[in-house]
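Chemist: My structure is below; once you've seen it, I'll send some questions.
The values are calculated or read from the model by the stated rules, or taken from the named source; none is laboratory data. Since the model is a prediction, treat every value here as computed from it, not as a measurement. Here Cβ is always computed from backbone atoms with ideal geometry, including for glycine, and neighbour counts include all displayed protein chains.
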Amino acid sequence: MNDLIKSLKAGNEAALKEVMAMYKKPLYNYLNLLLCNRQLAEELTQDTFVKVYFKAHTLKTDHPQACKAWIYAIATNLARSEFRKNRLKKILSLASVNDRQISHDPHFERQMILEQLVIHIPEKWRVPLLMKEMDNFSFAEIAQILNKPVGTVKSLVFRGKEYLKKQYRDPQGATHA
């Protein structure tokens, strides 16, 4: 893996393709949950790897986890730029989804509910929560990516979870998060 990172830093396109094969799907999933917009997540995934290729020479380490954290930091920064540009469109409400689609695909329904809940989590909690729960980053890695103390990251993840618990209740008031 260290050789792969060295090759990437040297501008080797084959190394970029290998890194893309390793991280493309999890990075897309992270961005999709963060943005709740599949098309934009795909665009930002591609943009991330373009930046990785052209900025790889600036990576200061050959450690695989540091490289992964660096890639996610690039993706997170691109997503934040999108939020600032206000290019995000309103997500479809469940009421406008074809009932037939939902009744025949329970996974689709759960995905739509999750996307509806996640988009409403304030960004300061959403980003670290998704990194921790969806991408299994350690608190230390998230702290490095977000340039925040580990204790702050733990607090942000906790608050994101608490926010979700308050939002995701069934009609009888039972929590499902």
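Chemist: Identify, by number, the condition in (1) within 30 Å of Leu4 (Cβ to Cβ); (2) at pLDDT 90 or above; (3) surrounded by 19 or more Cβ atoms within 10 Å (Cβ to Cβ) that Met131 doesn't meet.
Modeler: That leaves (2) as the condition not met.
Chemist: Here is a follow-up. Within the group Pro122, Pro149, which residue is closer than 21 Å to Asn32 by Cα and not polar (S, T, N, Q)?
Modeler: Details: Pro149 fails: closer than 21 Å to Asn32 by Cα.
Answer to the check: Pro122.
Chemist: Let me ask something else about it. What is the residue count in region 1-17 for residues that are farther than 13 Å from Pro64 by Cβ and either among the acidic types (Asp, Glu) or touching a Phe, Trp or Tyr at 6+ places or on another chain (Cβ under 6 Å) (or both)?
Modeler: Count: 2.
A quick yes/no check of all residues on (1) more than 16 Å from the chain's Cα centre (by Cα); (2) modelled with pLDDT of 90 or more; (3) within 21 Å of Ile142 (Cβ to Cβ):
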{"site": "Cys36", "(1), (2), (3)": "no, no, yes"}
{"site": "Leu40", "(1), (2), (3)": "no, yes, no"}
{"site": "Glu43", "(1), (2), (3)": "no, yes, no"}
{"site": "Lys51", "(1), (2), (3)": "yes, yes, yes"}
{"site": "Lys55", "(1), (2), (3)": "yes, yes, yes"}
{"site": "Pro64", "(1), (2), (3)": "yes, no, yes"}
{"site": "Trp70", "(1), (2), (3)": "no, yes, yes"}
{"site": "Ala75", "(1), (2), (3)": "no, yes, yes"}
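Chemist: In this structure, does Leu16 turn out to be surrounded by 21 or more Cβ atoms within 10 Å (Cβ to Cβ) and over 26 Å from Ile119 (Cα atoms)?
Modeler: So Leu16 does not fit the description; no.
Chemist: Something else about it: Is it the case that region 78-98 has a residue that's modelled with pLDDT of 90 or more, in the same structural domain as Leu4 (by TED's automatic domain parsing) and in a helix (DSSP H, G or I)? Let's see the steps before the verdict.
Modeler: Filtering region 78-98 down to residues modelled with pLDDT of 90 or more leaves 78.
Add one more test, that the residue is in the same structural domain as Leu4 (by TED's automatic domain parsing), and what stays is 78.
Add one more test, that the residue is in a helix (DSSP H, G or I), and what stays is 78.
Yes: one or more hits.
Chemist: Right, next: Picking from Ala41, Ala15, which residue would you name as being part of a helix (DSSP H, G or I) and either farther than 25 Å from Ser81 by Cα or touching a Cys at 6+ places or on another chain (Cβ under 9 Å) (or both)?
Modeler: Working: Ala41 fails: either farther than 25 Å from Ser81 by Cα or touching a Cys at 6+ places or on another chain (Cβ under 9 Å) (or both).
After applying the criteria, what remains is Ala15.
Chemist: So which of Gln144, Gln101 ends up being at pLDDT below 85 and either exposed (fewer than 14 other Cβ atoms within 10 Å of the Cβ) or assigned to a helix (DSSP H, G or I) (or both)?
Modeler: Details: Gln144 fails: at pLDDT below 85.
Only one candidate passes the filter, namely Gln101.
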